[in-house]
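Worksheet: the structure to be examined is printed underneath.
The values are calculated or read from the model by the stated rules, or taken from the named source; none is laboratory data. These numbers were taken from a predicted model, which means no experiment stands behind them. Methodologically, a virtual Cβ is constructed for each residue, glycine included, from the backbone with ideal geometry; neighbour enumeration extends over all protein chains shown.
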Amino acid sequence: MKIYTAEEAGFCFGVKRALNIIDRLHESNESIEIYGQLIHNNTVLNNLKEKGIDYIDDLRSLNDKKKLILRTHGILKSDEEFLKDKDIFYVDATCPLVKKIHRIIEQINLSKNKILIIGNKDHPEIMAIRSYAKDSLVVNSIEELRFLKHEEPVSVVAQTTLDSGFFKMMIFEIIDRVEHVEIFNTICSATIERQEAVKKLAPKVDFLIVIGGKNSSNTKKLYNISKKINENTFHIENSSELRDPELTTIFQNFNSVGITAGASTPPEEIEDVKVFFRNFKTEKES
Ligand code: SF4
């Protein structure tokens, strides 16, 4: 089996930064807890748990003997205000590119514009972004643009992990419907690089493996982009899923595999998948 890896895959700058913050504190023997899942990857969360670093979903369960870290996706503005009001010390591991969107929103709040957020309204990043906005609407389909009014000015921002092709399509639709539109392309560079890399890889290989959390937004986008180009695309969380007899039977038909991974997928998981395919023999080869 020939193995090709996407030019950009795996941990992004924001995830590496958050993990470095935690490593430094852990090495100085600090007791740590995280507000929310640090990132959407079970292997990383389990590794942290093994080091005694767990996460809480509610600020009422705070342990005052532990140092609090804020997740990469950001937290609600009201939660941050709560921490400040109560004088609770915390270390902010929110990705700076997400924080930048909060600042953009605060600037837009000074104008009369409605804030149009393109993304998944149930994702923690979007919930946090929205909490900064005075007047906002979250949309994730052309259908939902029906709520826009022609004469009401809008400022548009995007979830950092949005599919860039989908963002462009939505912008075309919005400028058709609304008279005054201000656009902030807030899709992060790591997302764009990984999406471009998978677009290049998908047509060149017989099938693709996309590695990453099933609840990881950017991983799901990579999967969807790849699937549109190469229907033999499979999303797995880790290499153990590759041993599924149904999948191994499918792999028998192929000679080349492309591998990519979401921004929260650790390098060892990518390596495990490579090792699996290095050792994988099709019937013709064995
Ligand atoms: S995917 Fe982009 S926005 Fe999200 S943590 Fe990584 S660099 Fe930051």
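Laid out as a table, the results:
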| quantity | calculated |
| --- | --- |
| Number of the exception - K84 against (1) away from the ligand (no atom under 16 Å from the Cβ); (2) more than 16 Å from L162 (Cβ to Cβ); (3) loosely packed, with under 12 Cβ neighbours inside 10 Å; (4) not assigned by TED's automatic domain parsing to the domain that holds L38 | (4) |
| Count of residues meeting criterion [away from the ligand (no atom under 16 Å from the Cβ), in a helix (DSSP H, G or I) and under 29 Å from L48 (Cβ atoms)] in region 248-269 | 2 |
| Cβ-Cβ under 9 Å pairs, at least 6 apart or on other chains, region 159-176 side in a loop (DSSP other than H, G, I, E, B), far side charged (D, E, K, R) | Q159/E125; T160/E125; T161/E125; T161/K220; T161/K221; L162/K221; D163/K221 |
| Strands (runs of 3 or more DSSP E) wholly inside region 23-127 that include at least 2 residues being in contact with a helix residue (DSSP H, G or I) (Cβ under 6 Å, 6 or more places away or on another chain), modelled with pLDDT of 95 or more and within 30 Å of E151 (Cβ to Cβ) | 114-118 |
| Flag for F280 being surrounded by 14 or more Cβ atoms within 10 Å (Cβ to Cβ), over 27 Å from L116 (Cβ atoms), modelled with pLDDT under 95 and away from the ligand (no atom under 16 Å from the Cβ) | yes |
| So E193, is it within 24 Å of E268 (Cβ to Cβ), modelled with pLDDT of 95 or more and charged (D, E, K, R) | yes |
| Qualifying residue in region 100-112 (condition: closer than 27 Å to K16 by Cβ, in contact (Cβ under 8 Å) with a residue 12 or more places away in the chain and of a type in the set (G, A, S)) | no |
| Considering residues of region 87-97 that are touching a strand residue (DSSP E or B) at 6+ places or on another chain (Cβ under 9 Å), more than 16 Å from D58 (Cα to Cα) and in contact (Cβ under 8 Å) with a residue 24 or more places away in the chain only, the residue farthest from the ligand (Cβ to nearest atom) | V91 |
| Residue tally, condition in a helix (DSSP H, G or I) and surrounded by fewer than 21 Cβ atoms within 10 Å (Cβ to Cβ), over region 225-244 | 8 |
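Condition check ((1) crowded, with 19+ Cβ neighbours inside 10 Å; (2) of a type in the set (K, R); (3) within 16 Å of the ligand (Cβ to nearest atom); (4) under 24 Å from L97 (Cα atoms)) across all residues:
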site	(1), (2), (3), (4)
R17	no, yes, yes, yes
L25	no, no, no, yes
K49	no, yes, no, no
L70	yes, no, yes, yes
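Listed here are the residues, each with its yes/no results for (1) more than 16 Å from the ligand (Cβ to nearest atom); (2) among the charged types (D, E, K, R); (3) touching a Cys at 6+ places or on another chain (Cβ under 8 Å); (4) assigned to a helix (DSSP H, G or I).
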{"site": "V156", "(1), (2), (3), (4)": "yes, no, no, no"}
{"site": "E193", "(1), (2), (3), (4)": "no, yes, no, yes"}
{"site": "A197", "(1), (2), (3), (4)": "no, no, no, yes"}
{"site": "P203", "(1), (2), (3), (4)": "yes, no, no, yes"}
{"site": "Y223", "(1), (2), (3), (4)": "no, no, no, yes"}
